[in-house]
1. Taking the stated definitions as given, is Thr88 within 28 Å of Thr564 (Cα to Cα), of a type outside the set (Phe, Trp, Tyr) and surrounded by fewer than 21 Cβ atoms within 10 Å (Cβ to Cβ)?
2. What are the residue pairs meeting all of these: first residue in segment 529-550, first residue farther than 20 Å from Gly436 by Cβ, second residue among the aliphatic types (A, V, I, L, M) and open to solvent by 10 Å² or more (accessible area, probe 1.4 Å), Cβ atoms under 7 Å, and 6 or more apart or on different chains?
3. Do we find that Ala274 is farther than 30 Å from Ala248 by Cβ and touching a helix residue (DSSP H, G or I) at 6+ places or on another chain (Cβ under 6 Å) in this structure?
4. Considering each residue of segment 571-629, count those that are small (Gly, Ala, Ser), open to solvent by less than 60 Å² (accessible area, probe 1.4 Å) and at pLDDT below 70, and give that number.
5. When Ala258 is evaluated against the numbered criteria (1) open to solvent by 10 Å² or more (accessible area, probe 1.4 Å); (2) over 14 Å from Gly142 (Cβ atoms); (3) touching a residue at least 12 places away in the same chain (Cβ under 8 Å), which criterion, by number, is the only one it fails?
6. Looking only at segment 425-466, count every residue that is open to solvent by 10 Å² or more (accessible area, probe 1.4 Å), over 23 Å from Thr368 (Cβ atoms) and either without any contact (Cβ under 8 Å) to a residue 12 or more places away in the chain or over 19 Å from the mean Cα position of the chain (by Cα) (or both) and tell me the total.
7. Please specify each residue of segment 100-125 satisfying the condition of being open to solvent by 20 Å² or more (accessible area, probe 1.4 Å), of a type outside the set (Val, Ile, Thr) and not in a helix (DSSP H, G or I).
8. Which of the residues spanning segment 179-209 are open to solvent by 20 Å² or more (accessible area, probe 1.4 Å) and either closer than 30 Å to Ala147 by Cβ or part of a helix (DSSP H, G or I) (or both)?
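The values are calculated or read from the model by the stated rules, or taken from the named source; none is laboratory data. Because the structure is a prediction, the values reported are computed rather than measured. Here the Cβ positions follow ideal geometry from the backbone for every residue, glycine too, while neighbour counts run over all protein chains shown. Areas reflect the complete protein model, heavy atoms only, side chains present, ligands, DNA and RNA absent. Shrake-Rupley method; radii C 1.70, N 1.55, O 1.52, S 1.80 Å.
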Amino acid sequence: MNFQKILLTTIVATSTNFAATAYQNQVGFFTNAIKQMAVLDAAGQDIIFKDADGKAVLTVTAPEAEEWAPAGESASLVDFSEIKTAGTYHAYIGDEEIGHPIIVSDTAFEDVTKGSLKFFYFQRASTALEEEYAGIYARDMGHPDTAVKYHSSTGITDAKATFNGAKGWYDAGDYGKYIVNSGISTYTLLQLYQQNKEYFKTLDLNIPESKNDVPDILDEIRWNLDWMMSMQDTDGGVFHKLTTKQFAGMVMPAKATAQRYAIGKGVEASWNFAAVMALAADIYSPYDEKFADSCAKASVKARWWAYTHPAEGFEQPKDVGTGTYTGAVTWTIKLWANAELYRITGDKVFSDSLHTLNFNRKKASVPTWSNDLMLEAFTIATNPDIFEKADVDTAQAMIFYLADQFIESLDKNGYGVAMSNNDFFWGSNSVAANKGMILIHAYILTKEQKYLDAAIGLADYLLGRNPLDKSYLTGFGVNQIMNPHHRPSQADGIEAPVPGMLAGGPNASANDMSACRNHDYRVEGAPAKSHYDNSCSFASNEVAINWNAPFAYLVGSIQAILSTGKSYDVSSKVSKSYLDLQSIKATKQNFKPIKAGSHLVIREGGIQVQMTNRDGTVRYFNLRGKSLQ
């Protein structure tokens, strides 16, 4: 990646006043994929697309303007997908150019894929970032974490005891490391590789491990997995986080030298850890079987601790002020962990655990660190040869239910973006990215173009097709984020922030006004405009690994699918089956399993339970057991 070029682009962007009337992806469009831009005040007018030589190659009459409620305005969604030749184009109304240069390429998302993955390298703890790999963002080592103390909340009371908690990624704009957020981020990146191996086996991220025989994306993930492994206690339980007692100031990592602690131990971190390590065992087996085996053993050990300590949730100690990550929906993490363990073992213990919770499933929702229900659905839906048909039907129903809602929201939508007013809260850009992840899974399962097109629309939104004309990815785009809430970017003395970071995005609540001298950046009636590109705005402009991971999944999956012409084969098998892990315990279930012949289905616009009686008759119930007939 050319960091000098990125810096130059940033300086140009900040010195120019862009008054665009056309909002578009500022990075690039694929030669053989959908291409759209939102144009204001242009209904009925001809939009002329010209190539680099000024030759008109396409004319499109702007359709009727339609409202997109989050923008508080109407726009004409102009489709120029007929341009299928790589090159740079410009759009005009009459003699007036609108929007930004339109770049068409077969590798439109390759650089943003690399950049969003390279972000994780820039977030590495316990190592210096060398100029060879970090360019102008090289820095000294911060937080060696080789002598981490145990906070009393871990249950370990020896004040002198320490352990080696090195490596891992800084969680966000701060320097903490948190298992539950790290877990969903790591899982998302593992799935990105798992579903696009052919593409990622050769993608060079220019990291210190790039010259070995392991795909770079797996080398980067391994840096975090090694840290996660260090957070498992000897009894199998997993510590909740590794931080100082209070947040560090706006300084470089090497200058943040306060004592670090393992803080808390609970079921949230333990179930989460169990799920991630089970998937890691499968993926790393071809490259490092010894490491893969250790992941599998650690997974079942954490699962057993969580199973036998159901009431031990994490509570923030009174003397600690770093991120809490409390309030996770534990039963969803439990489902996720058991699904991952059943996938690699085939052990009935884990499938029984899945079945006991089917009737407790609430309405499917976009995945977050606190609600992992869709992660379980992703795993089961894409492994139909491993899981029971009822489970597969259930998982696929949940995916299609959400994906079809997103598609429906595009009807008469002037921006062509599957986001609603209710999506603009803290981390709204991760909502867009995670919706894209759901749509990619729907595409994998059906190969229906509408799902891939909608996912591309969400990527376009994040890269500039939004009412602020903003690329929310640092280092990329004509009008990009410049002042993220990110300690290294604020303290390194370089004008351009570290590249490849996805800002949190518009937040209609503006929870951080007091930190921004009471600056109210909310725009009434237009939540998609409620954003402040200022480092004070942690509620709209912070960065975080669990936002970058689904963005990398979204753009990386799109690039891989379109460049290889293939998507994930759901008949793929695990790399290694762990058939006899000594740590697996036979467990007596306390819930009545779902009856044979019953499963979840999409019916009448929602998820219902279908029950097949012995005589072959079928009845339907809602998720609370009420008969619908």
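1. Considered against the rule, which asks whether it is within 28 Å of Thr564 (Cα to Cα), of a type outside the set (Phe, Trp, Tyr) and surrounded by fewer than 21 Cβ atoms within 10 Å (Cβ to Cβ), Thr88 comes out as yes.
2. Short answer, once both residue conditions are applied: Lys529/Leu468; Lys529/Val523; Ser530/Ala508; Ser530/Val523; Asp533/Met482; Cys536/Ala515; Phe538/Ala515.
3. Criteria met by Ala274.
4. 5
5. Ala258 satisfies all of (1) open to solvent by 10 Å² or more (accessible area, probe 1.4 Å); (2) over 14 Å from Gly142 (Cβ atoms); (3) touching a residue at least 12 places away in the same chain (Cβ under 8 Å) except (2).
6. So the count comes out to 5.
7. Pro101, Ser105, Asp106
8. Lys197, Glu198, Tyr199, Pro208, Glu209 - these are the residues of segment 179-209 that are open to solvent by 20 Å² or more (accessible area, probe 1.4 Å) and either closer than 30 Å to Ala147 by Cβ or part of a helix (DSSP H, G or I) (or both).
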